[in-house]
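S.K.: Take this structure first; my questions come after.
FYI, it's all coordinate maths here, none of it is from the lab. Since we're looking at a predicted model, the values are computed, not measured. Glycine gets a Cβ as well: all are built from the backbone with ideal geometry, and neighbour counts include every protein chain shown.
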Amino acid sequence: PRSSSSFYERYHNLEDIFYWINKTQQDNPSTVKAILIGSSYEKRPLYALKLSLNNDLNKKAMWIDCGIHAREWISPAFCLWFVQYALAFYKINQDITDILDNMDVYILPVMNPDGYQYTWTTNRMWRKNRSVNRSNNCIGVDLNRNFDANWCTEGASDEPCTEIYCGAYPESEPESRAVADFLRSHKDSVQLYLSIHSYSQMLLFPYSCTLDEAENHNDLLEMVQEAAQVIRRHYRNTYKYGSGAKTIYLAPGGSDDWAYKLGIKYSFTFELQDRGRYGFLLPPSYISKACNEALIAVKTIALKVIEK
Ligand code: ING
Ligand code: ZN
């Protein structure tokens, strides 16, 4: 690595991320807890970090997952970035202080560890998880088509060899089931759901699984519009925004739609940089700007949720 780039301005393999999770918890024993929410198809642990910076009881919470798709490396990089920022700037930056005084944060840095590992060792462009299909030996389910939201309708495929294979049934995969189980058991506290992807620079909200409008569509639209404005003002970069189905494409079985239907009324998918020049192969020198602009969008939206 360039000596001028910090740990957070580089991409890290799975082993380094697991080491970082453990170290972050050990260095912050009163504020950070690693929670084992399940394990992957290949039996890797799924660790979420719980950030609880303020001791008030009965706090609300937000959830952020990263790395649902293996090749979108900027996504896990963002989860690490967010944690380091929260821990470093609590009581220094007003916005993150207000957020953490009002919400705990659950962060799953790598939802698809088997796929992520595979992109480091074998195929950089792998998207799905690594579960083996019994009938034809094709590998992988698209975890963002495996949730129970108009599951496997138009925009997903029941063909195991495709990139958007929906799986044998909703939550057939241990990775999606672990996230769904955790959110089901924490739905009374979790008010805000965020899923981080790349690329294309979009701030999306439900629905992706239907062209119908969500009940609080105007609320959600206002939030992402403001977040996009803040990104433009601070970083001179353009993000599109809107419901998934109308902004990108029909995509059933996505995690944000499922979380929304569960009752988490503020549910978003962010597509980080870039718009296609490098695509999934975003160079490390872009990490800090990509993460900072996503961070300011998260802050904008979280503050609005707290006001509600
Ligand atoms: N995009 C998402 C995908 O899974 C998406 C778009 C968002 C689908 C929300 C469903 C729900 O296809 C990428 N880049 O993965
Ligand atoms: Zn993705």
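S.K.: Sort the following peptides by mean Cβ neighbour count (other Cβ atoms within 10 Å, averaged over residues), highest first: 62-68, 19-25.
M.R.: The densest-packed peptide leads the list: 62-68, 19-25.
S.K.: If I take R0 = 45 Å and measure r between the Cβ atoms of K91 and E213 in this structure, what FRET efficiency does the formula 1/(1 + (r/R0)^6) give, to the nearest 0.05?
M.R.: After rounding to 0.05, the efficiency reads 0.70.
S.K.: Output needed: percent of Cα pairs per 20 Å distance bin for the chain, bins running from 0 to the one holding the longest distance.
M.R.: Once binned at 20 Å, the Cα pair distances of the chain give 36, 61, 4.
S.K.: Starting from the 7 Å offset along Cα-to-Cβ, what nm value, one decimal, do you get for the label separation of E15 and K43?
M.R.: The modelled label-to-label distance comes out at 1.9 nm.
S.K.: Take the residue pairs K59/K240; K246/K304; K43/K128; K265/K299; K187/K308 and return only those whose Cα atoms are more than 20 Å apart.
M.R.: Check vs 20 Å cut-off fails for K59/K240; K246/K304.
S.K.: For an R0 of 25 angstrom, estimate the FRET efficiency from the Cβ-Cβ distance between E222 and A168 and round to the nearest 0.05.
M.R.: The calculated FRET efficiency here is 0.05.
S.K.: Taking the Cα centre of the chain as the origin, how large is its charge dipole in debye, to the nearest 20, when only Lys and Arg (+1) and Asp and Glu (-1) carry charge on their Cβ atoms?
M.R.: 780
S.K.: Please give the FRET efficiency for D188 paired with K240, using the beta carbon to beta carbon distance and R0 = 41 Å, rounded to the nearest 0.05.
M.R.: Efficiency, rounded to the nearest 0.05: 0.80.
S.K.: So what's region 23-83 giving for Cα Rg divided by 2.2 N^0.38 Å, two decimals?
M.R.: 1.25
S.K.: Related question: Just to confirm the filter: which GluC sites (Glu not before Pro) across region 179-265 are DSSP coil and have at most 11 other Cβ within 10 angstrom of their Cβ?
M.R.: E215
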